[in-house]
Amino acid sequence: MFSQTKLFALSLLCALVISFSGSSSEAQENVVRDYVAIVNGTKISKQKYERELASLRGRLNRSGRHLTAVQELELRKNLLESMINRELLYQQSVKLGIEVGPEEVDKQLEEVKKHYPDDASFKTALKRAHYTEAGVRTQLTRAIAIEKFINQQIKSKIHISDKQVREFYDSHPDLFRRPAQVRASHILVKLSANPTKEEKQEALKKIEDIQKRINNGEDFAELAKKYSDGPSGKRGGDLGYFSKGQMVKPFEDAAFSMEIGQVSGPVKTMFGYHLIKVTDKRPESTMKFEQVKNQLKEYLIDQELQEEIKGYAENLKKHAKIERFLTGVP
């Protein structure tokens with residue numbers, strides 16, 4: 001169960017974390033344009049649309065999702081409508097005279113920069129995406145103005161009672177079951193995608209030599225820092241807690257069959273050879289109502305908020321002049 005507080009504004013912020021995350025008419029002229037829509041006289045730039053589309057595709061690819069042609073079309077259509085909705089909401093914030101101070105923008109800009117290892121990396125990403133810091137500040141100013149408008153005009157009118165929270169908890173027991181989990185550390189000796197017999201033998205010998213050192217009393221975490229090929233090596237091999245289905249099966253089977261403190265023999269997976277040490281176990285459990293009450297209330301508020309925002313934007317569209325120019329989208 002994840003809280004979606006500030007989801008609308010954060011989705012705008014994420015679009016800035018670039019891989020650098022009424023009346024309506026459809027125009028049919030075959031004219032090259034640098035915009036994809038006009039909303040009450042304000043253009044939505046094609047460049048901005050393409051940036052957000054690339055960001056969405058990148059996140060989907062990283063999560064292992066591959067879209068069909070129909071899904072790709074739906075993604076493009078939904079993104080355009082989302083951008084139109086945001087423009088309409090921003091225009092409403094301007095009408096209300098909502099102001100955004102530079103310190104508010106500074107704070108959100110720092111959140112964006114946290115996605116990069118240092119300031120130089122951030123500036124490189126901006127340059128690669130043909131963006132400027134001033135451009136980012138402009139987009140953040142708009143996002144904050146929209147969030148303020150939503151909080152004042154929509155969210156403030158939403159009320160979820162403790163009774164509603166309890167009823168949701170009681171009627172969705174599966175959402176609050178925490179599966180059994182294992183916390184483990186590992187040492188990985190990597191194999192290439194198509195290793196030769198000699199490479200396999202060499203990797204196996206290396207992992208067996210490390211195993212002997214552990215059996216002779218050397219510290220697992222220190223050996224992981226020194227020899228593990230995985231990114232967890234710098235943490236002493238710690239992978240944190242995981243449930244069944246989160247790791248490749250040979251690794252998972254070994255980890256869940258072991259006792260706390262036990263170190264496995266070499267375990268072969270598609271990544272190479274592992275030594276696994278189980279450091280903790282959590283049995284299956286159900287989160288108590290008091291544990292999740294506040295988070296659940298925020299979730300229910302945000303679920304209703306998304307519906308209210310959608311309805312509000314649709315109503316604005318009825319009284320707006322909107323022209324769409326995105327090719328290939330009905």
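The values are calculated or read from the model by the stated rules, or taken from the named source; none is laboratory data. Small disclaimer: the values here were computed from a predicted structure and weren't measured. Note that each Cβ is placed from the backbone with ideal geometry, even for glycine, and that neighbours are counted across all protein chains shown.
Assorted remarks:
- Pairing residues of the stretch 129-148 that are in the same structural domain as Gly97 (by TED's automatic domain parsing) with residues that are of a type in the set (S, T, N, Q) and not in a loop (DSSP other than H, G, I, E, B), at Cβ distances under 7 Å and at least 6 apart in sequence or on separate chains, gives Leu140/Gln108; Ile144/Gln108; Ala145/Ser93; Ile146/Ser93; Lys148/Ser93.
- Filter result (buried (at least 16 other Cβ atoms within 10 Å of the Cβ), touching a helix residue (DSSP H, G or I) at 6+ places or on another chain (Cβ under 7 Å) and outside any helix (DSSP H, G or I)) within the stretch 96-135: Ile98, Val100, Tyr116, Ala129
- Filtered residues of the stretch 177-211 (kept if within 26 Å of the chain's Cα centre (by Cα), modelled with pLDDT of 95 or more and farther than 18 Å from Val278 by Cα): none
- Odd one out for Lys244, checked against (1) exposed (fewer than 12 other Cβ atoms within 10 Å of the Cβ); (2) out of contact with any strand residue (DSSP E or B) (no Cβ under 8 Å at 6 or more places or on another chain); (3) more than 16 Å from Ile187 (Cβ to Cβ): (1)
- Filtering Lys200, Lys157, Lys212, Lys206 for residues that are of a type in the set (Lys, Arg), surrounded by fewer than 19 Cβ atoms within 10 Å (Cβ to Cβ) and assigned by TED's automatic domain parsing to the domain that holds Ile301 leaves a single hit, Lys157.
- Residue among Ile260, Ile214 that is out of contact with any Asp or Glu (no Cβ under 7 Å at 6 or more places or on another chain) and closer than 13 Å to Lys277 by Cβ: Ile214
- Residue that is surrounded by the most Cβ atoms within 10 Å (Cβ to Cβ) [pool: residues in the stretch 170-195 that are part of a strand (DSSP E or B) and either on the phi > 0 side of the Ramachandran plot or not charged (D, E, K, R) (or both)]: Ile187
Matching residues to (1) at pLDDT 90 or above; (2) closer than 23 Å to Gln153 by Cα; (3) not hydrophobic (A, V, I, L, M, F, W, C):
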position	(1), (2), (3)
Arg59	no, no, yes
Arg62	no, no, yes
Asn78	yes, no, yes
Glu81	yes, yes, yes
Glu87	yes, yes, yes
Lys95	yes, yes, yes
Glu99	yes, yes, yes
Lys127	no, no, yes
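- Hits in the stretch 212-254 (condition: among the aliphatic types (A, V, I, L, M), touching a Lys or Arg at 6+ places or on another chain (Cβ under 9 Å) and within 18 Å of Asp280 (Cα to Cα)): Ala221, Ala224, Leu239
- Within the stretch 268-304, being within 30 Å of Ala203 (Cα to Cα), assigned to a loop (DSSP other than H, G, I, E, B) and out of contact with any Lys or Arg (no Cβ under 7 Å at 6 or more places or on another chain) holds for one residue alone: Met270.
- Hits in the stretch 35-69 - residues which are surrounded by fewer than 10 Cβ atoms within 10 Å (Cβ to Cβ) and of a type outside the set (A, V, I, L, M, F, W, C): Gly41, Ser63, Gly64, His66, Thr68
- Index of the failed condition, Glu167 passing every other in (1) surrounded by 13 or more Cβ atoms within 10 Å (Cβ to Cβ); (2) over 27 Å from the mean Cα position of the chain (by Cα): (1)
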